Every structure is written in structure tokens, then in C-alpha cells.
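Inspection log for the structure reproduced underneath, given as C-alpha cells.
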Amino acid sequence: MTLSPTSGSTWQGGFTETRVSATGGTGSLTLSASGLPTGARAQFNPQTIAQGGASTVWFWTSSTTPRAPTRWWSRRPARTASPARPPTA
């Protein structure tokens, strides 16, 4: 799985987007997001993609999302896209 761009950020009440592409492997992928801050949500179009397919992902924030920028990135570029906190050592 690849993302383009591979990272991004948005402020309270804003949104950002990326494109997720399924590369290699077999079968289809059902995309989901976890670890989003309060008031944030992710939307996938389409939510399920076949190998060789792609999905646009929007990350939305609201007035209840903490004021610091909301960032997302590919935590495991070969497997998972996570709009979440950076991995800790």
C-alpha cells in the first residue's frame, strides 16, 4: 500500500486529503482509520479497494478537535496508513 502524499496536516475546523493505492498482493483491502483526535474523522472513497486500485482519503477536523495541528502519515508504508500519533521508541 502506498500513499500520495505520504504525510499531511490540518488545523482545527479544516481538512486534508491523500490517495491510498493498493500495490502488490492479492485480494481487496477495506480501509479504516484509528487513533484520530477528538472531533476528527476520516472518510474513504471508496472504502474497499482491490489490488491495483486506489481510494481518496479525507481527514476532517471540527471545532472540538484540539487546536494543535492534526497530522497524519503512513506508519507502516507497506501495510497500513494511520492518522494517529507517531510511533514511540
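Of everything in the stretch 54-83 that is within 12 Å of THR2 (Cβ to Cβ) and in contact with a Leu (Cβ under 9 Å, 6 or more places away or on another chain), the residue that is modelled with the highest pLDDT is SER55. Quick one: what pairs do we get from the stretch 55-67, first residue more than 14 Å from GLN43 (Cα to Cα), second among the β-branched types (Val, Ile, Thr), C-beta under 8 Å, 6+ apart or different chains? Close Cβ pairs (under 8 Å, with a partner that is among the β-branched types (Val, Ile, Thr)) amount to THR64/THR38; THR65/THR38; PRO66/THR38. Only residues that are out of contact with any Phe, Trp or Tyr (no Cβ under 8 Å at 6 or more places or on another chain) and hydroxyl-bearing (Ser, Thr, Tyr) were counted across the stretch 33-61, and they come to 3.
The values are calculated or read from the model by the stated rules, or taken from the named source; none is laboratory data. Everything numeric here is computed off the predicted structure, so don't read it as measured data. Neighbour counts run over all protein chains shown; Cβ positions are idealised from the backbone, glycine included.
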